[in-house]
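To start, the structure itself, in structure tokens.
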Amino acid sequence: MQLTVARIGRAHGLRGEVALDVRSDDPQARLTRGAVLDTDPAGAGPLVVEAVREQQGRWFATFEGVHDRTGAEALRGVDLVVEADDEGDDESWYRHELIGLRVERVGSHELLGTVVDLEHLPAQDLLVLREPDGTVSRVPFVREIVPVVDVAGGRVLMDPPGGLLAVDADALVVSEETGQDGR
């Protein structure tokens, strides 16, 4: 199985350098000079890293054979991929492992929805879930809110603060109107 290390962004300058949207937890190991990376779509690669640098938390790279802005722009949107290694740790999950998992409330095991995506943002990842009524919610993927990920059991346990999910927001509106807890 192939995993995305980074997505190539816009050209940076005139000499073929591109910005990278890094998706790896260890970019220093994956993005090294001379590294050969497969691409998605496959026709864009493989690409050989000629140079890579990090500046203020942003990553930039140049690839062999790409030495002008036109060539760099042609790579925009291409994913750099590697074969997954079987070494996993208990606190890391891949997007494909999370999609489709049931989301249940801690304690009551009330069905809150299904994981439909994992979004990578600079500050933290977000779990995207479809609630039973079809509403899509984005939830910070942090231990305080998502304390249990049970891939083998097909579920995620979540303890969302009030109002984070649509089902909770509806309950808060009812409680404000009636003066009672709507759950």
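The values are calculated or read from the model by the stated rules, or taken from the named source; none is laboratory data. Not measured: the values here are computed from a predicted model. No Cβ is skipped: glycine too gets one built from the backbone with ideal geometry, and neighbour counts run over all protein chains shown.
Would you check if there is a residue in segment 41-49 being within 18 Å of His120 (Cβ to Cβ) and not assigned by TED's automatic domain parsing to the domain that holds Glu119? No, segment 41-49 has no match at all. Evaluation of Ala29 against the conditions (1) outside any loop (DSSP other than H, G, I, E, B); (2) touching a residue at least 12 places away in the same chain (Cβ under 8 Å) shows that the sole unmet condition is (2).
Every condition in (1) modelled with pLDDT of 85 or more; (2) assigned to a loop (DSSP other than H, G, I, E, B) holds for Ser24 except the one numbered (1). Restricting attention to segment 110-142, the residues that are basic (Lys, Arg) and within 16 Å of the chain's Cα centre (by Cα) total 1. Criterion applied to Val82, Val52 was being touching a Pro at 6+ places or on another chain (Cβ under 9 Å) and either outside the structural domain of Asp150 (by TED's automatic domain parsing) or not charged (D, E, K, R) (or both), and the one residue passing it is Val52. Among the residues making up segment 151-163, those that are in contact (Cβ under 8 Å) with a residue 12 or more places away in the chain and surrounded by 12 or more Cβ atoms within 10 Å (Cβ to Cβ) are Val151, Arg155, Val156, Leu157, Met158, Asp159, Pro160.
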